[in-house]
Amino acid sequence: MALPFDYGWHDLVGNLGVICVLATYFMLQAGRLSADSLAYGAWNALGAILIGISLTVDFNLSSFVIEVFWFGISVFGMVRIARERRRLGARTPAANAS
């Protein structure tokens, strides 16, 4: 059965990105995912990348700008979390005992 509209590969990729972002937000609100987890940032970054890929075929400047910032903020958060974990890991007695 044909769809009543054009649905290309880029639409599928973009919709997968939207699912990543929305599922991540839902998991956060449901208490199943912490905003201070690397997974939260990684899923958001993946969603932004997938949406960005879809924009290479059907470009929209406003969508592109928000996805660039969404990706950048996600990476910033993941770097912050990784640095904090490394800093805290260096302070624990178990880490110093090895």
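The values are calculated or read from the model by the stated rules, or taken from the named source; none is laboratory data. As the structure is a computational prediction, the values presented were derived from the model and not from experiment. Here the Cβ positions follow ideal geometry from the backbone for every residue, glycine too, while neighbour counts run over all protein chains shown.
Quick notes on this structure:
- A residue that is of a type in the set (Gly, Ala, Ser) and exposed (fewer than 13 other Cβ atoms within 10 Å of the Cβ) can be found somewhere in the range 22-31.
- Within the range 24-45, residues that are among the aliphatic types (A, V, I, L, M) sit with their Cβ atoms under 6 Å from residues that are assigned to a loop (DSSP other than H, G, I, E, B) and crowded, with 16+ Cβ neighbours inside 10 Å, at 6+ positions apart or across chains, in these pairs: Met27/Leu33.
- Of all the residues in the range 60-95, those that are at pLDDT below 95 and assigned to a loop (DSSP other than H, G, I, E, B) number 1.
- Per this entry, Gly41 is counted among residues that are surrounded by 19 or more Cβ atoms within 10 Å (Cβ to Cβ) and not charged (D, E, K, R).
- Of residues in the range 1-59 being of a type in the set (Gly, Ala, Ser), part of a helix (DSSP H, G or I) and over 21 Å from Ala82 (Cα atoms), the one nearest to the chain's Cα centre (by Cα): Gly17
- Members of the range 3-18 found to be aliphatic (A, V, I, L, M), at pLDDT 95 or above and exposed (fewer than 13 other Cβ atoms within 10 Å of the Cβ), listed by number: Leu12
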